[in-house]
Structures are given as C-alpha cells and as structure tokens.
Amino acid sequence: MSIETKTKYVTKIENVKQLSSSEKQALNPVAERFAFRCNDYYLSLINWNDPNDPLRKAVIPSAAEMEEWGRLDPSDEKQYTIMPGMEHKYNSTVLLLISSVCDSICRYCFRKRLFVNPRQEYLRDIDSAVQYIKEHTEITNVLLTGGDPLALSTSRLKMIINAVGHIEHVKIIRIGSRIPAFNPYRITEDTDLLQMIENFNGDNRKRLYIMTQFIHPRELTTPAVKAIKLLQRSGAIMANQLPLLRGVNDNPDVLADLLAALSFVGNAPYYIFQCRPALGNKMFTVPIEEGYEIIERAKANVSGLAKRCRFVMSHSTGKIEIVGKTENLVFFKYHRAAEDTDSGRFMVFKSNPGACWFDDYDEVVRDYPVHLPYRTYGPD
C-alpha cells in the first residue's frame with residue numbers, strides 16, 4: 001500500500017470532522033493567522049471526548065494562541081543566517097532549513113515565520129550552501145531541519161544528503177523530524193528511504209542521526225515504534241528532543257513515562273527544551289523554575305539511561321542549560337555558546353519564579369567565565 005493511501009491530510013479547520021460547527025467557526029481566525037495542517041493518523045490518536053486532551057492541544061488551534069506574546073524569531077536565528085535557509089551559529093555546526101512543509105503543524109511551533117514567508121526562510125540554493133560548507137572546514141555537523149526534512153520526497157532528500165555527505169570534513173548529518181510521531185507510515189512504507197540511510201551509514205567514518213520529537217507517551221504507537229526500529233536497523237542513531245509544554249507533558253508522571261518509553265525503544269532522550277517565546281506560544285509556556293522541578297521529579301522515577309537529557313533554552317546567545325536551583329538562586333551554564341569563549345560559562349541569578357526565558361533574569365549573583373581551548377568536535 002502506498003504512503004498516499006495510508007495517510008489523508010487536513011489543511012482546513014472546517015474539514016476536521018470531529019469538531020463541532022461552532023468550534024470550527026471560533027477557530028477559523030486562529031487557523032488563518034497561524035497555519036493549520038494535520039493528518040487522519042494523528043487525529044485518530046486524539047481523545048475527542050476530552051477537551052484538554054494533550055495531543056489535541058498539540059495540533060488543534062486554540063483561541064489562546066491569539067494572545068499577543070512573544071515574537072516570530074524568538075532565538076534571533078536571523079542574526080546567524082548566512083543565506084535564506086542556512087544558519088551558522090556554532091563553529092562546528094551548520095543548520096539547513098531544507099523544507100517549508102511539516103506533515104502536521106505543531107501549535108507551539110517556534111518557527112511560525114516559516115509558514116508566513118516560506119520563500120524567504122527555507123533553503124532553495126543547495127549548491128551555494130554546499131559550497132559554503134566546503135569552504136569552512138571547521139564544520140563537522142550538518143543539521144537538516146525546516147519544516148520537516150522527511151516531508152520532502154526521498155529523491156530530493158537523497159540529493160541533499162549525498163551533496164553534503166560527500167564533503168570530507170562533514171562527519172555527522174542530523175535530520176530533525178516529527179514524522180515518526182506524526183506519520184510513521186512515511187518511514188515504514190518507504191524502502192528507498194531506509195536504503196538511503198543504510199547506504200550513508202555504510203561509511204564507518206560518518207553517521208546519520210535522526211532527531212525525533214515525541215512529546216507524549218501516547219505518540220509511541222505500534223506503527224511509531226516500528227518506524228523507530230526500521231530506522232535503527234538501517235544504521236541511524238536515534239535521539240529524542242522535546243519542548244516542555246503546559247497541558248501536554250508538564251505532569252512529572254507523564255514526562256517520566258515518556259522518558260522511560262523512549263529509553264525502552266532505544267530512542268535516547270537528548271534535550272528537553274524550554275518552550276521558546278514565539279508568537280502565540282504563551283499557553284504552552286511553563287516558567288523555567290517550575291519546569292526544572294517538573295523535570296527533576298520525572299527523572300527521579302526513571303533509570304539513568306532515561307534521564308540523560310538536558311534541560312536547555314535555545315537562546316540567541318547559545319544553548320543555556322538550567323542546571324539547578326535553590327530557594328533563592330537559579331544556576332545556568334552555557335552548554336554551547338555562539339561565542340566559543342562563553343561555552344561552559346556558569347551563571348548564578350536570583351530566583352524569578354515567573355521567568356519564562358533567560359532575558360527575564362536580571363539580578364546576577366555570580367558569573368564564572370570558563371576559558372577552555374575550543375575543539376571543532378566539541379558538543380553542541
């Protein structure tokens with residue numbers, strides 16, 4: 001059976017048959033402002049009898065999105081943009097936005113701007129991007145994102161991966177994708193995709209990583225787990241990163257179940273992100289210090305293999321890890337900084353229970369710069 005016959009897409013809120021007429025009418029303005037897209041597979045996972053169902057919150061528009069809060073580019077990605085769709089923020093890593101399409105669109109998306117002005121945001125000049133990477137031998141990692149790279153045809157994706165993978169100093173290609181959660185049939189029914197991954201991983205000096213985004217344990221369905229296993233069998237290294245989201249996974253028990261389930265299928269928990277202050281995202285945002293406590297309570301209930309993830313913010317200045325708190329203090333560290341000399345820098349701030357982003361802290365207690373020699377194979 002073809003992928004097309006497995007999955008049917010819904011791009012207009014009035015075509016979501018599970019919603020009432022009054023709900024559709026109320027949500028139309030939201031869907032007009034922030035793009036809506038979903039498919040029958042993911043819609044079937046929602047408990048429509050529960051208005052607060054976490055999977056419903058993830059994909060069905062809400063009037064709360066209209067609250068004016070945040071901005072379209074909350075991490076200042078434009079500051080690091082070399083050309084439309086190509087960012088070089090960290091010395092060893094380049095990010096390519098190769099797709100302007102997602103299989104379904106998350107309501108908490110931090111790149112809503114991609115769906116507002118897609119031609120200005122995603123990469124169309126692959127040749128120039130490849131040439132830039134060739135000229136910058138410090139680049140060892142290339143992250144393919146968007147949109148969702150797996151929303152592209154396999155032939156298009158193969159062309160991009162082959163072009164980047166043949167650059168000698170590129171050792172890792174990462175594909176950031178929500179499709180294993182949104183549409184696992186894209187993987188289980190496409191032998192060409194799996195063969196492409198296997199062929200790339202045949203070079204023992206290079207590796208392809210699939211960075212999934214499972215946000216709730218109910219997304220780990222039988223088809224989704226099958227997709228993970230097939231990707232692993234093809235040689236892909238699997239890791240999961242997710243945002244902490246109000247009403248979706250901010251319950252310590254739910255989060256613990258997710259972390260444990262990911263470890264059971266060999267999809268290592270990697271990052272838990274503070275929800276970025278993107279336009280329309282206030283309803284999903286958990287204050288940082290509350291989020292730290294939720295995550296630590298979840299980690300207390302899982303094995304070491306399931307608690308390896310780091311709680312971080314993708315701030316404009318770098319990935320800032322939230323490493324601890326006391327009653328009056330909060331401790332941060334630059335896990336990776338845009339300025340190499342800041343990597344490892346440790347910072348202590350006075351507690352601000354309402355803070356949702358690094359910029360909300362202004363009372364510095366101590367600041368410990370770390371002057372370490374930078375190596376191009378360091379963490380990012």
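Any read-out appearing in this document is the output of simple, stated calculations on the displayed coordinates, not a laboratory observation. Owing to the predicted nature of the structure, the values given are computational and were not obtained by experimental measurement. Here the Cβ is made from the backbone with ideal geometry for all residues, glycine too, and neighbour counts use every protein chain on show.
D for the range 222-380, whole µm²/s, Stokes-Einstein with Kirkwood Rh over alpha-carbon pairs at 37 °C and 0.692 mPa s: what number?
Stokes-Einstein gives a translational diffusion coefficient of 195 µm²/s.
Below 8 Å between Cα atoms, with a sequence gap of 6+, how large is the relative contact order for the range 1-144 in percent? Walk me through the numbers before you get to the answer.
Details: 167 pairs, mean separation 32.7, N = 144.
Reported as a whole number, the value is 23 percent.
Quick one: Cα centre-to-centre distance for the range 168-232 and the range 238-271, in angstrom? So the separation of the two Cα centres works out to 17 Å.
With 26 Å as the limit on Cα-Cα distance, the pairs of LYS8/LYS282; LYS226/LYS307; LYS24/LYS57; LYS24/LYS229; LYS229/LYS333 that go past it are LYS8/LYS282; LYS24/LYS229; LYS229/LYS333.
List the relative contact order of the range 260-314 as a percent without decimals, with contacts defined as Cα pairs under 8 Å and 6+ residues apart.
On the way: 52 pairs, mean separation 30.0, N = 55.
Answer for the range 260-314 is 55 percent.
Taking a ≥ b ≥ c as the square roots of the Cα gyration tensor eigenvalues, the chain comes out rounded, since a/c falls below 1.5. Out of all Cα-Cα pairs in the range 3-66, roughly what percent, to the nearest whole number, are more than 15 Å apart? Counting every Cα pair in the range 3-66, those more than 15 Å apart make up 49 percent.
Quick one: net charge of VAL170's neighbours, Cβ under 13 Å, K/R +1, D/E -1? Don't skip to the end; give the middle numbers.
Values: positive: LYS134, LYS171, ARG174, ARG205, LYS206, ARG207; negative: GLU135, GLU138, GLU168, ASP203.
Residues near VAL170 contribute +2 overall.
Each part gets one Cα centre, and for the range 285-329 versus the range 30-73 those centres are 25 Å apart.
Considering helices alone, the calculated mean residue ellipticity of the chain at 222 nm is -8000 deg cm²/dmol, with DSSP H runs of length four and up weighted by -39500 (n - 2.57) and normalised per residue.
What percent do you get for the relative contact order of the range 80-179 when only Cα pairs under 8 Å and 6+ apart count? Each step should come with its number before you reach the end.
Details: 162 pairs, mean separation 32.8, N = 100.
Worked out over the range 80-179, it gives 33 percent.
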